[in-house]
1. Which of the residues belonging to the range 405-423 are in contact (Cβ under 8 Å) with a residue 24 or more places away in the chain and outside any strand (DSSP E or B)?
2. Which of the residues spanning the range 60-78 are over 19 Å from A227 (Cβ atoms) and loosely packed, with under 15 Cβ neighbours inside 10 Å?
3. If you scan the range 296-328, which residues turn out to be more than 15 Å from E347 (Cβ to Cβ), hydrophobic (A, V, I, L, M, F, W, C) and surrounded by 21 or more Cβ atoms within 10 Å (Cβ to Cβ)?
4. Step by step: first the residues of the range 228-284, then only those that are in contact with a helix residue (DSSP H, G or I) (Cβ under 9 Å, 6 or more places away or on another chain) and of a type in the set (S, T, Y), then the one that is surrounded by the fewest Cβ atoms within 10 Å (Cβ to Cβ). Which residue is that?
5. What residue, of V392, V377, is under 26 Å from the mean Cα position of the chain (by Cα), part of a strand (DSSP E or B) and not charged (D, E, K, R)?
6. Which fully enclosed strands (runs of 3 or more DSSP E) of the range 247-348 have 3 or more residues being among the aliphatic types (A, V, I, L, M)?
7. Going through the range 2-38 one residue at a time, which ones are touching a Lys or Arg at 6+ places or on another chain (Cβ under 6 Å) and in a loop (DSSP other than H, G, I, E, B)?
8. For the condition touching a Gly at 6+ places or on another chain (Cβ under 8 Å), of a type outside the set (A, V, I, L, M) and at pLDDT 95 or above, what is the one hit in T55, T81?
Amino acid sequence: MDSIIVHGNGPLSGQIPVSGAKNTCLKLMAAALLSDEPLTLTNVPRLSDIRTLSTLLQSHGCEVALLQDERVMVLSAREITNRKADYEIVRKLRASFNVLGPLLAREGEAIVSLPGGCAIGARKVDLHMMALETLGADIVLEEGYVHATAPKGLTGAVIEFPFVSVGATENALTAATLARGTTVIKNAAREPDTVDLAKCLTEMGAKISGAGTSEITVEGVEKLHAATHRVIPDRIELGTFMIAPAIAGGEVELLGGRRDLLETFCEKLEEAGVEIEETNHSLKVSRKNGGAKAVDVSTAPFPGFPTDLQAQFMALMCTAEGTSVLEETIFENRFMHAPELIRMGAEIDVHGGTATVTGVEGLKGAPVMATDLRASVSLILAGLAAEGETVVSRVYHLDRGYERIEEKLSAVGARIERVQGDG
């Protein structure tokens, strides 16, 4: 397996382009199954997760073409040839479960493998099924598959989630576009990914209002049509690279960055002493005078502090002045990066869903192991601020969510390289 080697190299300086949002793009790709006319996506990130979902969509009969250096994707599902999403693909990518709503809405049947758990928590799909049952689907669990049927089509209804679920909101949203009548989704996810999905569906002919609020209304239509849509910038990649100059010092301009995608996160960075300047086309992030200050954080659904930036923020707090408390409220088991940071000299005390981090004067490079996507990059960020060499192993996680991370960080002065491994 590949490893990434990082040498602490002082302040960073330069520009990093922010790629299209991975999580958004995956949901947009699944939505292509709703129409027999092509959906064209631009600003597509080049990531292994995108390739995995492409394979699944092709198994359903969707043609997938990549153009312009793989930045443009044309998806054409003229005919659904297979209504079953196989376990061997779904297990690799949880977002694959979001073909359930589109397949069911268009075909009246979908057989989708349960995605199972993951390294950061169980992440159940019961809310997905509840939402579709509310729209009139019959759902049976058989041998690890969700078998959903609605031979007479889906019917609009009021769906009220007991708590916010991004994936369930998006499955309900896509299914409701072709349902008869009006659907109201209450306690809906407000994430930018969900808003962008609603925007794309509207461009395809759906009638949606309220996206970005806790109540989304969908007026069902008979069919959707062709559209072209640009994927929004990846706010998690943006936040990750914002922490790079915060932890290593210097100034980095994030091209395509938008503060509205990460307002709460930006406020926490500024509280820690990091300067953020928004331009027409970018965010400039700098830490020039002294180290960061300790800041308490509690993860929450959008517009709160993103759980997908908790590991990276912990890396910053490891060298901050004072003691910070990080509370993880979204996923269990999401502090698995803490023991690896401790190997680098960090002082972290984890109790359940809370981590207390006492800043140290400096981290020391060490061999560390990545446990999941965001943990992987937190160790790389820590390596930017560590003395000596940090070797991060099992970095295949990184390729799921970060495009050319070594090139992007090298371009702003980081000493970082990927080493090919065996197997």
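1. Step one: filter the range 405-423 for residues in contact (Cβ under 8 Å) with a residue 24 or more places away in the chain, giving 405-406, 408-409, 411-423.
Scanning the range 405-423 gives I405, E406, K408, L409, A411, V412, G413, A414, Q420, G421, D422, G423.
2. Passing the criteria: D69, E70.
3. Quick first cut of the range 296-328, residues more than 15 Å from E347 (Cβ to Cβ) only: 296-313, 327-328.
Narrowing further to those that are hydrophobic (A, V, I, L, M, F, W, C): 297, 300, 302, 305, 309, 311, 313.
Answer for the range 296-328, where residues must be more than 15 Å from E347 (Cβ to Cβ), hydrophobic (A, V, I, L, M, F, W, C) and surrounded by 21 or more Cβ atoms within 10 Å (Cβ to Cβ): V297, F302, F305, L309, A311, F313.
4. Applying the filter and picking the extreme gives T228.
5. Working: V377 fails: part of a strand (DSSP E or B).
Of V392, V377, the one residue that is under 26 Å from the mean Cα position of the chain (by Cα), part of a strand (DSSP E or B) and not charged (D, E, K, R) is V392.
6. Numbers: elements: 250-255, 275-278, 282-287, 323-327.
Where strands (runs of 3 or more DSSP E) fall fully within the range 247-348 and carry at least 3 residues being among the aliphatic types (A, V, I, L, M), they are 250-255.
7. Residues of the range 2-38 that are touching a Lys or Arg at 6+ places or on another chain (Cβ under 6 Å), as a first pass: 2, 4, 7, 9, 16, 34, 36.
Within the range 2-38, D2, N9, D36 meet the criteria.
8. Selected residue: T81, the only one of T55, T81 that is touching a Gly at 6+ places or on another chain (Cβ under 8 Å), of a type outside the set (A, V, I, L, M) and at pLDDT 95 or above.
The values are calculated or read from the model by the stated rules, or taken from the named source; none is laboratory data. The structure presented is a predicted model; accordingly, all values stated were derived computationally and were not measured. A quick note on method: Cβ atoms are made from the backbone with ideal geometry, for glycine too, and the neighbour counts reach across all protein chains shown.
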